[in-house]
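Enquirer: Sending over a structure as structure tokens; questions will come in a sec.
The values are calculated or read from the model by the stated rules, or taken from the named source; none is laboratory data. On a predicted model such as this, the values are computed, not experimentally measured, just so you know. Positions of Cβ are generated from backbone atoms using ideal geometry, with glycine treated the same way; all protein chains shown enter the neighbour counts. Note: accessible area is taken over every heavy atom of the protein model, side chains too, but ligands, DNA and RNA are not part of it. Shrake-Rupley method; radii C 1.70, N 1.55, O 1.52, S 1.80 Å.
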Amino acid sequence: MNQSSNGKAAPWYRSTGTGDFEPRTVLVSVAAVLVGLLAAGTAKILVLLIAIITNLAFFGKFSLENTDPSGNHLGYLLPVVPVIGGLIVGLMAKFGSRAICGHGIPEAMEQVLTNESRIPPKMTILKPVSAAVAIGTGGPFGAEGPIIATGGALGSIVGQLLHTTALERKTLLASGAAAGMTAIFGTPIAALLLAVELLLFEFRPRTLVPVGLACVAAGTMRTILFPPGAVFAMPALGQIGGEEMIFYLGLGLVVGLAAVGVTKLVYGVEAAFEHLPLHWSLWPAIGGLAVGVVGIFAPRTLGVGYSNISDVLNGRLVGPVLITLCLAKLVSWALSLGSGTSGGTLAPLLTIGGCLGAFAGTTVGVAWGIDPRLAALVGMAALFCGASRALLTSIVFALEVTGRPEALLPLLCCCTVSYLVSFLLSKDTIMTEKITKRGVYVPQGFVADRMSSVTVGHACTRDVVSLPAWVPLSEARETLSQLGPCAKHGAYPVVDRSGSVVGLITRHDLADERLPVESNLLELSRGTSIAIGEDATLRDAADLMAAHEVGRLPVTNHEGKLVGILSQKDLMEAHRAILHDHTSAEKTIRVGWPPTRGTGGR
């Protein structure tokens, strides 16, 4: 019989192509809401932990207040603090998990793509604590990267506890990551888009609904745990004229080139560290030394630096100060992140991009009447876009985090150009280069599954011989021998008197001399086939074939009556037709006894 690899007959199942939204999606959505709440709480804990370590490390006091480390009075002893922080992170990586190194999103992407979204539970502790140590001792990172990674770990763990499938775990991982970003920045829509563009790699109800609800849960918790309002609030911006868009086209080009350069610099530094004659656990301490030295001359580069972004966006930093902050932040961040410490990328990218945009607005943009604040906003979003190629995320993030919808058109212009430049000049992004070097394939875009655009009814073979369930094996053999070569299918659907499919029997089974000739075909074929509805898609059919290890599927209408059979050959022919923009020829079937080849209809 047509059996699975464990020797048991494949179960009888009928797929009718019910679509992407399955009943379990509701259960996953409930779990995603829980993950969203947990991620928001974890985000608050991380922020408090960073504040505690910052106050202890730079000011020798215990406090939960957010304090800017740039106001320290350590003088030339300053590098000692980030060096100690680097040593602690290195020890945590050595004796805990090296997966805490880096900014988190590439590591989460790798778990999604290679490990069925399974993240060890210890990462929910190691990642936020190591990040808090690195940032609290002066690391030039934001809290968003670590909390995105930690939220993803929480989602993965919940998925593992609930014994979910790989797809459901991926959804919960993305839910946690998006919830973490929502909690930090108050940007639920941008967080949802980030999950789609960098973690889910699909745009379907079964994943969008849970992730969206997780963002809602985290956003609701944020109103309780964090101050209200936009994180980087800006005053109203003026109307944008047509001539000004030429400036933003040029800015997109420049920032796109900068995005490629930043990506190459970060991974070039990382490659340089790999040639050092020191154990990798000591590298973060070297990166910490660089942070401290730069911090002596540019204190604004220390720590999270969200206040720097606000100052740039509101025009409080101008001229040489912008360039100094831009270059110093880039050097400090690249050396620190490249050393393998635990930190993020988003806040540094926003700072550097904002400085570039503001400087361009106050110099070249003067002749165009450009508002430097708007140029700063557009620059920061465009650098994030060019470095990550998360186009939609970058645009919506800038709108949500500032509350300035009038910036939409310049944002779309500049980010799109930056995206194009990055795409043309670089194979990888700051999110993917590390894992692609390890041989991991990362999807580069979203395309419709062409196998999901053709129904089984249009691709199946309808001119097929069927066998009645009540006849004995001996009679079936005799009748088929009289029909000759025209009836030599690989398998024959077995139908009852109403024409409904009750099984499938292969030509090999019919010729098996060990089978009792007096047995009827119903007894020989019961439970040995999986049927599929004619309205299901070829993707549904391929999934069923793979899941149940069968090579053919009887095709039925809504009443369960046989209309044809779908084989692997039919699948290949249909796919070939799709590739050549052709449609498969519709075939016909006639069900009856004795078996004949006819011109039945659907």
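Enquirer: Which residues, taken from the range 221-231, are of a type outside the set (A, V, I, L, M), in contact (Cβ under 8 Å) with a residue 40 or more places away in the chain and not in a loop (DSSP other than H, G, I, E, B)?
Expert: Scanning the range 221-231 gives a single hit, R222.
Enquirer: If you scan the range 355-371, which residues turn out to be assigned to a helix (DSSP H, G or I) and buried (at least 23 other Cβ atoms within 10 Å of the Cβ)?
Expert: C355, L356, G357, A358, F359, A360, G361
Enquirer: Follow-up question, since we're still on this one. For the range 501-571, give me every one of the strands (runs of 3 or more DSSP E) that falls completely inside it and has 1 or more residues that are buried (at least 21 other Cβ atoms within 10 Å of the Cβ), in contact with a Leu (Cβ under 7 Å, 6 or more places away or on another chain) and at pLDDT 80 or above.
Expert: 531-533, 552-556, 562-567
Residue-by-condition table, conditions (1) in contact with a Lys or Arg (Cβ under 7 Å, 6 or more places away or on another chain); (2) more than 17 Å from G292 (Cβ to Cβ); (3) open to solvent by 20 Å² or more (accessible area, probe 1.4 Å); (4) not in a helix (DSSP H, G or I):
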{"site": "I53", "(1), (2), (3), (4)": "no, no, yes, no"}
{"site": "F58", "(1), (2), (3), (4)": "no, no, no, no"}
{"site": "P82", "(1), (2), (3), (4)": "no, no, no, no"}
{"site": "G85", "(1), (2), (3), (4)": "no, no, no, no"}
{"site": "A93", "(1), (2), (3), (4)": "no, yes, no, no"}
{"site": "A99", "(1), (2), (3), (4)": "no, yes, yes, no"}
{"site": "P106", "(1), (2), (3), (4)": "yes, yes, no, no"}
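Enquirer: Turning to a different aspect of this structure: Among the residues that make up the range 117-129, is at least one of them surrounded by 24 or more Cβ atoms within 10 Å (Cβ to Cβ) and farther than 23 Å from G85 by Cα?
Expert: Yes, the range 117-129 has at least one match.
Enquirer: Could I ask something else about it? Can you tell me which residue within the range 572-587, out of those that are within 18 Å of A536 (Cα to Cα) and at pLDDT below 75, is surrounded by the fewest Cβ atoms within 10 Å (Cβ to Cβ)?
Expert: Among those residues, the one meeting the criterion is A585.
Enquirer: Could you please find all residues in the range 307-341 being farther than 20 Å from G139 by Cα, in contact (Cβ under 8 Å) with a residue 12 or more places away in the chain and assigned to a loop (DSSP other than H, G, I, E, B)?
Expert: N314, G315, L317, V318, G319
Enquirer: Conditions: (1) outside any helix (DSSP H, G or I); (2) within 24 Å of T263 (Cβ to Cβ); (3) open to solvent by 20 Å² or more (accessible area, probe 1.4 Å). G344 meets all but one. Number of the miss?
Expert: Going through the list (1) outside any helix (DSSP H, G or I); (2) within 24 Å of T263 (Cβ to Cβ); (3) open to solvent by 20 Å² or more (accessible area, probe 1.4 Å), G344 breaks only (3).
Enquirer: A further question on this structure: How many residues are under 14 Å from G292 (Cβ atoms) and not polar (S, T, N, Q) if we restrict to the range 60-78?
Expert: 6
Enquirer: Determine whether the range 37-48 contains at least one residue that is in contact with a helix residue (DSSP H, G or I) (Cβ under 9 Å, 6 or more places away or on another chain) and within 15 Å of L162 (Cβ to Cβ).
Expert: yes
Enquirer: Would you mind stating whether V255 is open to solvent by less than 30 Å² (accessible area, probe 1.4 Å) and closer than 17 Å to T351 by Cβ?
Expert: The answer is yes for V255.
Enquirer: Could you grab me the full set of residues in the range 105-137 that are of a type in the set (G, A, S) and touching a Ser or Thr at 6+ places or on another chain (Cβ under 8 Å)?
Expert: If the condition is that a residue be of a type in the set (G, A, S) and touching a Ser or Thr at 6+ places or on another chain (Cβ under 8 Å), then S117, S130, A131, A134, G136 are the ones that fit.
Enquirer: In the range 376-408, what residues are among the small types (G, A, S), assigned to a loop (DSSP other than H, G, I, E, B) and farther than 16 Å from T429 by Cα?
Expert: Once the filter is applied, which keeps residues that are among the small types (G, A, S), assigned to a loop (DSSP other than H, G, I, E, B) and farther than 16 Å from T429 by Cα, the range 376-408 yields only G403.
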